[in-house]
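Asker: Take this structure first; my questions come after.
The values are calculated or read from the model by the stated rules, or taken from the named source; none is laboratory data. Computed from a predicted model, the values in this text were never measured in an experiment. Note: ideal-geometry Cβ built from the backbone for every residue, glycine included; neighbour counts use all protein chains shown. These accessible areas exclude ligands, DNA and RNA; they are computed on the full protein's heavy atoms, side chains included. Shrake-Rupley method; radii C 1.70, N 1.55, O 1.52, S 1.80 Å.
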Amino acid sequence: MEWIHTVLEQDADVAEGDVEGRFSQEFTAEVPPTELVSLFNENLRPAAPFDVTDYAGDELTSSATFTGSEGDPFVVQIAVDADGTINGLLFTPENDHEEATTLEDAEARLDELPIDVNYLVTSGDRNIAASGEQDVAPIGSAFKLWVLLAVVNSIDDGSLNWNDELTVEASNKSLPSGDLQNLPDGSTVTVREAAQKMIEISDNTATDLLITAVGREKVDELVPEHMRPVATTRQFFELVWGEGTDRLGEYSEADEQGRAKLLDSLEDLTVSATDVDMDTSKVSAPTWAASPEEVADIWEQLDNASEQHPELDEILGANTAVSVSGYNNLWFKGGSLPGVLAGSWTGQTESGDRVTVVLIASSDDATAVNDNTMELLLLGGDILTLLAS
């Protein structure tokens, strides 16, 4: 989204070289670069400069409203492949999403989505809305909340410090999200920097560095039993998409000790970002999974820990996925895999109430999840707005 904003406001007309490599081959086969350049230069750039508001997004999809110096506002929706190239770009009128006016309205619309959605909404110690709140489902990168708590616990016991340096090597680089994977081997980042990237941009290499730094045992102690052993992101991508025998079947049938042994054997990364098939649902693949209640619980633990670790407010509040007012602070972590989407928030309203919203969606139809990602996240934002007021 930042790139779209930049090219629409650059001084010179957009050239084909500006869009080269930004879009997937499948996309440019349908929309040639010449058409993209014409669209940008003739239809959009004349309205520059733009204010960008109402952002919503996760690792693979995003939406934002662009308001120019002339003409009507419009919504830009983007979807990217695992390697970061754009495979979907849509411009729609501003009012594409109809804001939910009541909590009951939001619940009804969540229930009507053509995908399975488990959710839990709490205010203080009260459950305000819930459906399938105890049902375990894949949560993708939302598992990184437990990794962050393990980091905090390690700092508390003196085995780690926010300023400790972690070294990026070829052996610990992961994919596809994040930018640490692009650093030269031997580069270093602090624990604090890695934690920020793990949450704010869901950097997978940062995540694996932190899991290694604290030790998988400490993460396993925190996660629900059904999520053990916790795979690093590198191990997960190799397990699901890498070359070799039926690892998924072997992993599914093994006990916790057997799973840990299999994960530890996955040292080489044979899969690349382009090998990740985003059109085939992985909802049934062994992965990080939790119920809405379990996600709400980890949010409570992090909130408690923030009293001694003010760093958590900046780490967790840098990317809220939706634009919401009425909160003194608002934290977010989402997660996605083909056929899987999780969005979770917790924040303190201006009146002092702690509100938590957890939405976990899945489907055997990966396209259905992609098509409803923005609506799910924006409904989460509507719920937050309603509870703030």
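Asker: Of Asn370, Asn182, Asn329, which has the largest mean-square fluctuation in a 10 Å C-alpha GNM of the chain?
Answerer: Looking only at Asn370, Asn182, Asn329, the largest GNM fluctuation is found for Asn182.
Asker: So, with a 1.4 angstrom probe, what is the percent of accessible area on the chain that is carbon and sulfur?
Answerer: Values: 7060 of 17040 Å².
For the chain, the apolar C and S fraction of the accessible surface comes to 41 percent.
Asker: In addition: Arrange the residues Lys197, Lys144 by how much accessible surface each exposes, largest first, with a 1.4 angstrom probe. Intermediate results must be reported in sequence, preceding the final value.
Answerer: Numbers: Lys197 60, Lys144 0 Å².
Heavy-atom accessible area, descending, gives Lys197, Lys144.
Asker: Now a separate question. Taking a 19 Å limit on the Cα-Cα distance, which of the listed pairs Lys261/Lys333; Lys144/Lys197; Lys144/Lys218; Lys197/Lys333 fall beyond it? Walk me through the numbers on the way to the answer.
Answerer: Numbers: Lys261/Lys333 29 Å; Lys144/Lys197 11 Å; Lys144/Lys218 13 Å; Lys197/Lys333 12 Å.
Beyond 19 Å: Lys261/Lys333.
Asker: Moving on. What Kirkwood hydrodynamic radius, in Å, does segment 1-153 give when the mean of 1/r is taken over all pairs of distinct Cα atoms and then inverted?
Answerer: Details: mean 1/r = 0.0537 Å⁻¹.
Evaluated over segment 1-153, this radius sits at 18.6 Å.
Asker: Please report, for the Cα atoms of segment 94-168, the Rg to one decimal and the Dmax as a whole number; what are they, in angstrom?
Answerer: In Å, with Rg to one decimal and Dmax whole: 18.9, 51.
Asker: So if I take the centroid of the Cα atoms in segment 281-296 and the same for segment 156-183, what is the distance between those two points in Å?
Answerer: Value for the Cα centre distance between the two parts: 24 Å.
Asker: Let me ask something additional. Give the range of the longest stretch in the chain that excludes all GluC sites (Glu not before Pro) found in loop regions by DSSP and having at most 16 other beta-carbon atoms within 10 Å. Kindly include the intermediate steps, with their values, before the conclusion.
Answerer: Details: sites that count: Glu20, Glu70, Glu98, Glu99, Glu169, Glu243, Glu267, Glu307, Glu350.
No qualifying site falls inside 170-242, the longest such stretch.
Asker: Please work out the average accessible area per residue across the chain, using the 1.4 Å probe convention, and give it in Å². Show your work: numbers first, answer last.
Answerer: Details: 17040 Å² over 389 residues.
That works out to 44 Å² for each residue.
Asker: Next question, about the same structure. Give the shape of segment 165-231 as rounded, prolate or oblate, defined through the alpha-carbon gyration tensor: a ≥ b ≥ c are the square roots of its eigenvalues, a/c under 1.5 means rounded, and otherwise the shape is prolate if a/b is larger than b/c and oblate if not. Each step should come with its number before you reach the end.
Answerer: Working: a/c = 1.94, a/b = 1.80, b/c = 1.08.
Taking the square roots of the gyration eigenvalues as a ≥ b ≥ c, segment 165-231 is prolate.
Asker: From the helices alone, meaning DSSP H stretches of at least four residues, give me the mean residue ellipticity at 222 nm for the chain, per-run term -39500 (n - 2.57), in deg cm²/dmol to the nearest 500.
Answerer: Values: 15 runs with 144 residues, N = 389.
It comes out at -10500 deg cm²/dmol, rounded to the nearest 500.
Asker: Separate question: Using only protein heavy atoms and a 1.4 Å probe, report how much of Lys173 is accessible, in Å² to the nearest 10.
Answerer: Accessible area of Lys173: about 40 Å².
Asker: May I ask you to compute the full-extension gain from Asp116 to Leu39, defined as 0.36 nm times their residue separation minus their alpha-carbon distance, rounded to one decimal in nm?
Answerer: Computed gain between Asp116 and Leu39 is 24.1 nm.
Asker: Taking a ≥ b ≥ c as the square roots of the eigenvalues of the Cα gyration tensor of segment 198-280, is the shape rounded (a/c under 1.5), prolate (a/b larger than b/c) or oblate? Please list the in-between numbers first.
Answerer: Working: a/c = 1.75, a/b = 1.09, b/c = 1.61.
Oblate, since a/c reaches 1.5 and b/c is not below a/b.
Asker: A further question follows. Binning at 10 angstrom from zero up to the longest distance, how are the C-alpha pair distances of segment 281-324 distributed in percent?
Answerer: In whole percents, the pair-distance histogram is 22, 36, 34, 9, 0.
Asker: What do you get when you divide the Cα radius of gyration of the chain by 2.2 N^0.38 Å, with N the number of residues? Could the numbers behind the result be given before it?
Answerer: On the way: Rg = 20.8 Å, N = 389, 2.2 N^0.38 = 21.2 Å.
Here the answer is 0.98, to two decimals.
Asker: Something else now. Quick one: if you stick a label point 7 Å off each Cα along the C-beta vector at Asp353 and Glu314, how many nm between them?
Answerer: Distance between the two pseudo-spin positions: 3.1 nm.
Asker: What distance in nm lies between label points placed 7 Å from Cα along the C-beta direction at Thr101 and Asp364?
Answerer: Simple spin-label model gives 3.9 nm for this pair.
Asker: To continue, here is another question. Using 7 Å Cα-to-Cβ label points, what is the Ser171/Ser187 separation (nm, one decimal)?
Answerer: Simple spin-label model gives 2.0 nm for this pair.
Asker: Figure the gain on full extension for Ile201 and Asp83 (residue separation times 0.36 nm, minus the Cα-Cα span) and round it to one decimal in nm.
Answerer: Values: separation 118, 0.36 × 118 = 42.48 nm, distance 1.41 nm.
Result: 41.1 nm gained on full extension.
Asker: Using a 1.4 Å probe on the protein heavy atoms only, what accessible surface does Leu330 show? Give it in Å² to the nearest 10.
Answerer: For Leu330, the solvent-accessible surface is approximately 20 Å².
Asker: Looking at segment 8-113, what % of its DSSP beta bridges pair antiparallel, to the nearest 5?
Answerer: Numbers: 18 of 19 bridges.
The answer is about 95 percent antiparallel.
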